[in-house]
Amino acid sequence: MLRVFMMIAAALSALPLVSHAADDQDVIRNTFAARFPQVKINTIDQSGVQGIYQVETSSGELLYVSADSKFVFTGDLLNIGGAQTVNVSENHRSAKRLDALNNLQDTDLVVYPATEDEKGEVLVFTDTSCGYCRKFHTEIKAMNDLGITVKYVAWPRYGLQSPAGQTMVNVWCAEDREAAMTKAKSNETVSAPAGKVCEQNTIQDQINLGHQIGVRGTPAVFSKDGRQLGGYMKAGQLAQQLGLQ
């Protein structure tokens, strides 16, 4: 009987906290609607810091907001309370990215497989007109020789209708995408195959995906577990990032 009473008491004591959290979230939503109507909120969650909530916007940006909505923080939240520093924000983004990236199919990508046994894999959001993307591409063979498979995702920085966007439509439309991509990255013209209508939805979907997971520039390199490894890097640096060296 005592045990049942204690369980009921514990449940009742938790109710005001839930209600309080709901009230805080309403305050945050109302404040943003009034002060930042252009910012659309997707989710509001407890951040792990008392009195601070994690707000995710429709663009994928993370903000940290006080319960009374008087203070808004930008930047990553770090937990330094343990033996190792934990980037709370990046862990959240990685989990979200993983779900999104796992939906990509090789048939919708430009894939450069590892030369022999695959030891690692990366997804790279790329733009054929981007200088650092072109430098990254010169490292592809070395990456493949180190056992790293590189999979390109289309992300023309200025949109689908930009010159680079249309070039990437032609690359994805080509019979040999890998050769067409290398040609485009060498600043050569890649035309649409004769007599073939090239669909553009795949490129637009990948542009949208990039925005969803927070891509801001190219190249943007992601590991299979959703971590953003960085931008341009040499083959050896990428191998180190993947723990292969």
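Between G147, G75, G165, the residue with the greatest mean-square fluctuation in the GNM of the chain (Cα pairs under 10 Å linked by springs) is G75.
Equivalent-ellipsoid semi-axes for the range 80-139 (Cα gyration tensor, √(5λ), whole Å, largest first): 28, 16, 15. Modelled label positions at S59 and S186, each set 7 Å beyond Cα in the direction of Cβ, lie 3.8 nm from each other.
Springs between Cα atoms under 10 Å define the GNM used for the chain, and in it the highest mean-square fluctuation of G82, G230, G214 occurs at G82.
For the chain, the equivalent ellipsoid derived from the alpha-carbon gyration tensor has semi-axes of 43, 22, 16 Å in decreasing order.
Grouping the Cα pair distances of the range 55-113 into 5 Å bins from zero gives a pair-distance distribution of 4, 14, 17, 18, 15, 12, 9, 6, 3, 2, 0 percent in increasing distance order. Counting only protein heavy atoms and using a 1.4 Å probe, the accessible area of M233 comes to about 10 Å². Split the accessible area of the range 107-234 by element, probe 1.4 Å, and carbon with sulfur accounts for 48%. Take the Cα of F73, step 7 Å toward its Cβ, do the same at A179, and the gap between the two points is 5.5 nm.
Histogrammed with a bin width of 10 Å, the alpha carbon distances of the range 127-245 distribute as 13, 44, 34, 8, 0 percent, first bin at zero. For the chain, set up a GNM with springs between Cα atoms under 10 Å and report which of Q204, Q54, Q105 has the largest fluctuation. Looking only at Q204, Q54, Q105, the largest GNM fluctuation is found for Q105. Please go through the range 151-230 and write out the GluC sites (Glu not before Pro) that DSSP classes as loop and that have at most 16 other C-beta atoms within 10 Å. Answer in residue order: E175, E188, E199.
Taking trypsin sites (Lys or Arg not before Pro) as exposed when their DSSP state is a loop state and no more than 16 other Cβ atoms lie within 10 Å, the longest site-free interval of the chain runs over 120-195. Per residue, the average separation of C-alpha pairs within less than 8 Å and at least 6 apart gives the chain a relative contact order of 18 percent.
Hey, with R₀ at 45 Å, roughly what FRET efficiency would A194 and L244 work out to, going by the Cβ-Cβ distance, to 0.05?
Given R0 = 45 Å and the Cβ-Cβ separation, E is 0.60.
Just to confirm, what accessible area per residue do you get for the chain at 1.4 Å probe, in whole Å²?
Working: 13910 Å² over 245 residues.
Each residue of the chain exposes 57 Å² on average to a 1.4 Å probe.
Let me spell out the model: positive unit charges on the Cβ of Lys and Arg, negative unit charges on the Cβ of Asp and Glu, origin at the Cα centre of the chain. What dipole size does that give, in debye rounded to 20?
On the way: 22 positive and 26 negative charges, 95 e Å.
So the magnitude is around 460 debye.
Remark: the range 16-114 projects, on average over all directions, an area of 9.6 nm² (convex hull of Cα atoms). Sparse packing (at most 15 other Cβ atoms within 10 Å of the Cβ) combined with a DSSP loop state is found for the following chymotrypsin sites (Phe, Trp or Tyr not before Pro) in the range 128-168: Y158. When the alpha carbon coordinates of the range 105-167 are projected onto the principal axes, the ranges are 39, 25, 13 Å, largest first.
The values are calculated or read from the model by the stated rules, or taken from the named source; none is laboratory data. As the structure is a computational prediction, the values presented were derived from the model and not from experiment. Please note: Cβ atoms are built from the backbone with ideal geometry, for glycine as well, and neighbour counts cover all protein chains shown. With ligands, DNA and RNA removed, areas are computed over all heavy atoms of the protein, side chains included. Shrake-Rupley method; radii C 1.70, N 1.55, O 1.52, S 1.80 Å.
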